[in-house]
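Here's the structure, in structure tokens; my notes come after.
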Amino acid sequence: MPGPSRLIDFLCSVVSRDLSMGGVRADALRSVYDAAARKREVFARRHGFDPPSILFLSATTRCPSACIQCSAAGFAPDVDLAPELIDRVLGEVRDLGTFYVALTGGEPLLHPGFAEIVDRHRDFIFLLFTSGRPLDLGVADFLADRPHVMPFVSIEGQEAQTDRVRGPGAFVTAAAAMERLRERAMLFGFCATATREALPDLESEEFYTDMHRRGCQAGILLDYLPVGRDPNPARCLRFEERKRLADRLDAVRRDLGLFLAYVPLDESHDGAGRCHSASDLLHVTAEGYVEPCPFLRFAANNVRDTSIEQALLSRFFSEMRNRAGVPNRASSIPCYHLQRSRLLAETAKETGAASTVRSAE
Ligand code: SF4
């Protein structure tokens with residue numbers, strides 16, 4: 001199931017491996033995927049760009065954690081996107097050929113309609129990014145019966161680094177959640193933010209051996225981007241450090257058989273990290289704003305009064321696609337648009353988009 005980027009190929013590989021483990025029948029999944037691919041072809045022919053392969057949906061800003069580098073900080077607290085709006089958005093992206101939905105947040109498990117939403121939309125693969133805090137025995141039992149929901153438990157490295165970033169006890173909580181998933185033979189992974197402080201852990205063989213031993217079969221490493229709480233470019237990896245980390249991940253893939261993705265480098269096929277925002281991916285916030293990417297805090301449309309297709313065809317998204325490219329690899333900030341933050345703000349202003357961050361921290 002080849003996709004438009006290494007990230008999507010990674011997800012397809014993970015999901016394909018799940019076919020024999022999680023109870024999703026290969027032929028059923030294949031037919032859903034093929035139907036999505038046909039819709040995507042039709043859309044791309046009609047509009048000249050790819051519709052989203054993956055929707056990032058931050059259905060709630062509720063969160064029990066207060067991470068020192070939270071990328072979602074700045075949104076109004078304790079906001080939930082209404083279930084009927086979520087249903088409509090999922091119906092719309094399904095019609096466009098979207099197959100993956102990344103549930104981000106906030107803590108997605110704290111959305112009051114979480115269970116009903118994933119049950120009503122069993123033809124998506126949901127990637128559930130969770131701190132593990134609400135993942136008790138009942139939630140683990142629920143997830144074990146839903147192989148179309150794949151948890152990624154957030155961790156920042158080993159115990160000291162995880163607790164430093166996510167608060168005391170965060171590592172033990174995440175590890176306990178992993179244990180519940182492992183006991184139920186579920187396919188799950190970890191997710192970590194690659195900062196300079198976390199690098200010694202993320203470069204160490206012990207970290208991956210430990211994640212593997214705890215039952216993770218996949219992992220997503222996300223380069224730190226200076227957005228959200230206390231944005232600090234000094235936390236970003238330097239070019240050589242990113243390269244070293246990518247080499248380490250290759251070795252881990254080879255030695256442990258873990259499925260690993262490294263974002264944004266894996267947002268393209270050649271590892272150059274070409275920006276696919278406003279096309280292959282987009283983000284809907286808990287307040288309903290449609291952002292081109294989860295890290296770009298601008299929107300011209302809200303799902304309360306616009307369809308996803310209208311947002312994709314808006315002047316703002318169109319200009320974002322026109323102005324996208326390959327990030328300068330020598331820059332410490334690995335995101336194309338954040339490397340050009342003044343141009344990003346100008347593009348937003350010219351096209352009627354506004355900041356989606358309402359409460360200054
Ligand atoms: S805006 Fe940045 S993080 Fe988002 S898709 Fe583009 S390069 Fe990646």
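Every number here is computed from the coordinates shown, using simple stated rules; none is lab data. Values in this document were obtained by computation on a predicted structure and should not be read as measured data. Positions of Cβ are backbone-derived with ideal geometry, glycine not excepted, and every protein chain shown enters the neighbour counts.
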Here the cysteines of the chain without any disulfide-compatible Cβ partner under 4.7 Å are Cys12, Cys63, Cys191, Cys216, Cys236, Cys275, Cys293, Cys335
Taking H as built 1.01 Å from N, whose amide H comes closer than 5 Å to the amide H of Cys70, not counting residues under 5 places away? Arg229
Suppose we keep just the alpha-carbon trace of the stretch 6-355; what are its Rg and Dmax in angstrom? 18.9, 53
Kindly list the residues of the stretch 135-155 that lie in the label zone of Asp119, defined by a backbone N under 18 Å from the point 7 Å along the Cα-to-C-beta vector. 136-150
Give me the percent relative contact order of the chain, please, defined on Cα pairs under 8 angstrom at least 6 residues apart. 19 percent
Cα-centred dipole magnitude for the stretch 113-220, charges only on beta-carbon of K, R (+1) and D, E (-1), debye, nearest 20: 240 debye
Can you give me the C-alpha center-to-center distance between the stretch 198-238 and the stretch 297-361, rounded to a whole angstrom? 26 Å
Where in the stretch 275-294 does the label zone of Gln310 land, with the point 7 angstrom along Cα→C-beta and an amide N cut-off under 18 Å? 283-285, 287-292
When the dipole is taken about the Cα centre of the chain, and only Lys, Arg (+1) and Asp, Glu (-1) are charged at their Cβ, what size is it in debye, to the nearest 20? 720 debye
Residue among Leu296, Gly74, Gly325 farthest towards the positive dipole end of the chain, charges placed on Cβ: Gly325
When the chain is modelled as a GNM with alpha-carbon springs shorter than 10 Å, which of Arg242, Arg133, Arg30 fluctuates the most? Arg30
Would you order Arg244, Arg254, Arg6 from fewest to most other beta-carbon atoms within 10 Å of each residue's own beta-carbon? Arg254, Arg244, Arg6
Return the sequence-ordered ³J(HN,Hα) values of the stretch 206-217 in whole Hz as given by the Karplus equation 6.51 cos²θ - 1.76 cosθ + 1.60 applied to θ = phi - 60°, using x for Gly and Pro. 4, 4, 6, 4, 5, 4, 5, 5, 7, x, 5, 10
Under 5 Å, built H, 5+ apart or other chain: amide partners of Leu260: Gly219
Ellipticity estimate at 222 nm from DSSP helix runs (n ≥ 4, -39,500 (n - 2.57)) divided over the chain, nearest 500: -11500 deg cm²/dmol
Let me spell out the model: positive unit charges on the Cβ of Lys and Arg, negative unit charges on the Cβ of Asp and Glu, origin at the Cα centre of the stretch 245-313. What dipole size does that give, in debye rounded to 20? 120 debye
For the stretch 158-172, what does the Karplus curve 6.51 cos²θ - 1.76 cosθ + 1.60, with θ = phi - 60°, yield as ³J(HN,Hα) per residue in whole Hz, taken in order and with x for Gly and Pro? 7, 4, 4, 5, 4, 5, 5, 7, 9, x, x, x, 5, 5, 4
For Met150, the residues 5 or more places away or on another chain with a placed amide H closer than 5 Å to its own amide H are Phe126, Leu127, Leu128
How large is ³J(HN,Hα), in whole Hz, for each residue of the stretch 249-263 in order, when computed from phi with the Karplus curve 6.51 cos²θ - 1.76 cosθ + 1.60 and θ = phi - 60°, using x for Gly and Pro? 5, 4, 5, 5, 4, 5, 7, 10, x, 6, 7, 10, 10, 10, 10
Using a simple spin-label model with points 7 Å from Cα along the Cα→Cβ vector, what separation in nm is obtained for Glu346 and Ala44? 3.2 nm
